[in-house]
1. Starting from the range 32-61, take each residue that is within 17 Å of VAL14 (Cα to Cα) and open to solvent by less than 40 Å² (accessible area, probe 1.4 Å) and list its partners that are part of a loop (DSSP other than H, G, I, E, B) and among the hydrophobic types (A, V, I, L, M, F, W, C), counting only C-beta distances under 6 angstrom and pairs at least six apart or across chains.
2. ASP30 - would you say it is charged (D, E, K, R) and modelled with pLDDT of 85 or more?
3. I'd like to know if the range 79-91 contains one or more residues that are exposed (fewer than 12 other Cβ atoms within 10 Å of the Cβ), at pLDDT 80 or above and assigned to a helix (DSSP H, G or I).
4. Of LEU25, LEU17, which residue is open to solvent by less than 70 Å² (accessible area, probe 1.4 Å) and at pLDDT below 90?
5. For ALA70, are the conditions met, namely being assigned to a helix (DSSP H, G or I), open to solvent by less than 90 Å² (accessible area, probe 1.4 Å) and at pLDDT 85 or above?
Amino acid sequence: MPTLDFRKSFIETVTKLNQEMVILLSNKNDEFSNINKNLHAFIHKRIDSLLILIQHDCLWDADIILRPIAEASVKINFIACGNESNRILDGFG
């Protein structure tokens, strides 16, 4: 995939995910939602850095930034996939 197509696809995907996360978390104020909001903010800041690196063709450096994004995404999914009683027992509810 050419770099310009990759950039466009990446930006479209990130924008869509961002919009969906905002919708999911906007009206909630429980501990679970607050943790997810913080992880989402962390991911968003790293994505900003990632976009700058990609724009300057620093793909190796951008690849390094992908790891904390992936780790935070896995944390969000791990917490989200648990049921309400598990979240309370684990301290996330």
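1. none
2. Details: charged (D, E, K, R): yes; modelled with pLDDT of 85 or more: no.
Criteria not met by ASP30.
3. Checking the range 79-91: not a single residue is exposed (fewer than 12 other Cβ atoms within 10 Å of the Cβ), at pLDDT 80 or above and assigned to a helix (DSSP H, G or I).
4. LEU25
5. Numbers: assigned to a helix (DSSP H, G or I): yes; open to solvent by less than 90 Å² (accessible area, probe 1.4 Å): yes; at pLDDT 85 or above: yes.
The answer is yes for ALA70.
The values are calculated or read from the model by the stated rules, or taken from the named source; none is laboratory data. What you see is a predicted model, and the numbers here were worked out from it, not measured in a lab. Cβ coordinates were reconstructed from backbone atoms using ideal geometry, including for glycine residues, and neighbour counts include every protein chain displayed. SASA here: full protein model, heavy atoms, side chains in, ligands and nucleic acids out. Shrake-Rupley method; radii C 1.70, N 1.55, O 1.52, S 1.80 Å.
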